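> Please read through the structure below; I'll follow up with questions.
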Amino acid sequence: MELNELGVIRDGALLVGNGVIQEVGPTRRVENLAKARDAVEISAVGRVVMPGFVDSHTHLMFPPPEVGDEEIQSASRLVRTSSVRRLVGRTRAHLEAMARYGTTTVEAKTGSLLDESTEIKLLRVMAALKNEPLDVIPTFLMRLPQGGLHGDGAIETAVDWVSREFLAKISRRRLAHFADLVLDGEPARRPWFDRLLKAAGQAGFHCKIHSRTRHAGYATALAGGRNVVSIDHLEEALPEEASALAAFGCIATLLPCYDLYGSRVAACTRSLIEAGVPLALASDFNPQHTPTLNMQTVVALASRQFGLTIGEAISAAVINGAHAAGCANRAGSLELGKGADLLILNISDYRELGDQLGMNLVHLTMKRGAFIYKEGDVAPLAAEDLHTAW
């Protein structure tokens, strides 16, 4: 399907049962079906109904909000000394905010510089939150320690441990779906990168590459022959790299909130689309540097920054995001047999998503056939109705 083709149904209807979409089509046809006779009707007259957003690249849990990216060791210590209950509570608050803004599936990365106890704790927290309220897809972020580029013993030891032990351990426990390699672009590190990607594939993981900026060519060459689903952070991929990315066939994930500046992005993005590269959009949520949980903002920024049509941006944030997150068989579009993950928006035309920035247009969010968020009234509350936190 073309990125710009949304398959809009004017005056459409959905029939949902047991958390799954059972029928979709024109309202007159759906409401006349025998199995729709006892259904509870939810009116969306004058509103847009669309799939829930699939946020396929976030740093939802690490580093914690109190510690910046540059303080990885301090962040790891903070996670190790925090209770699982505290970590679950903080992360659930983020997930609930995402649900209010229309995200129904989210990918979340670890990334604590190969600290085993921290990584296991983060993966355990994600497992505890797997379906409440959103689907959480866990990713083990493989980040090499800093050090010398030639024969560095610490790096060699870390890569050996991850390749021989840790990947197999978290695979057996089914704690992660993806292994994501942070690529720093240093050519002398390529043997270690190759080894990690190979070991992740052998352990049964789908892989991602954290390309950073201006490393698209290097990332594509490294991904060749590997089980790489997406290459992320390709906001500044060069036009001449588009054909190589298209030939490889993996998804290019763009993160509009990561860099709000840059003069070349629109031309580069259009060259990716014209070359046939499938694009996904994600928030890159990080409480320090990219503190947005709102995929509506991501869609609007992609339209303004990257020159995407609003239809292209929506497709990249739903069905292509689902492909990048490995869940397109059950999410990302309103199709028969897929989970009923959908939004009812306070707009009458989907193109209005590109006209707003930072507002919340969500009226209702549905996850697996149950409404998990409903827009509320703004009204005064009596003091006795307020519950204090202590």
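Bear in mind that the values in this text are calculations on the coordinates, not laboratory data. None of these values were measured; they are calculated from a predicted model. No Cβ is skipped: glycine too gets one built from the backbone with ideal geometry, and neighbour counts run over all protein chains shown.
> Mind telling me which of M142, M359, M126 comes out most flexible in a GNM of the chain, alpha-carbon contacts under 10 Å?
The residue with the greatest mean-square fluctuation here is M359.
> Further question: Tell me the relative contact order for region 53-324 as a rounded percent, counting alpha carbon contacts under 8 Å between residues six or more apart.
19 percent
> Now a separate question. Which order do the peptides 17-23, 362-368 take when ranked by the mean count of other beta-carbon atoms within 10 Å per residue, highest first?
So the order, starting with the most tightly packed, is 362-368, 17-23.
> What ranking do W161, W192 get, fewest neighbouring Cβ atoms within 10 angstrom at the top?
W161, W192
> Then there's this: Give me the number: length gained by fully extending D194 to A34, i.e. 0.36 nm times residue separation minus the C-alpha to C-alpha distance, one decimal in nm.
51.9 nm
> Cα centroid distance between region 9-60 and region 93-111, in Å?
22 Å
> Restricting to Cα pairs below 8 Å that are 6+ residues apart, what does the relative contact order work out to for region 221-340? Please round to a whole percent.
The value is 22 percent.
> When a/c reaches 1.5 or more, the comparison of a/b and b/c decides; with that in mind, is region 92-143 rounded, prolate or oblate per its Cα gyration tensor?
Since a/c reaches 1.5 and a/b is larger than b/c, the shape of region 92-143 is classed as prolate.
> For the chain, take the longest principal axis of its alpha carbons; what is the angle in degrees between that and the long axis of helix 116-128, to the nearest 10 within 0 to 90?
Between helix and principal axis, roughly 10 degrees.
> Using per-residue counts of other Cβ atoms within 10 Å, averaged over each peptide, order 346-354, 248-256 from highest down.
Ranked by mean Cβ neighbours within 10 Å, highest first: 248-256, 346-354.
> Nearest 10 degrees is fine. How inclined is helix 295-305 to the longest principal axis of the chain, computing both from alpha carbons?
Between helix and principal axis, roughly 70 degrees.
> Quick one: compute the contact order of region 13-92, relative version, from alpha carbon pairs under 8 angstrom and 6+ residues apart, as a percent.
Value for region 13-92: 14 percent.
> Would you mind checking K338/K367; K198/K338; K169/K208; K109/K198; K208/K367 for any pair whose Cα atoms are more than 21 angstrom apart?
K198/K338; K208/K367
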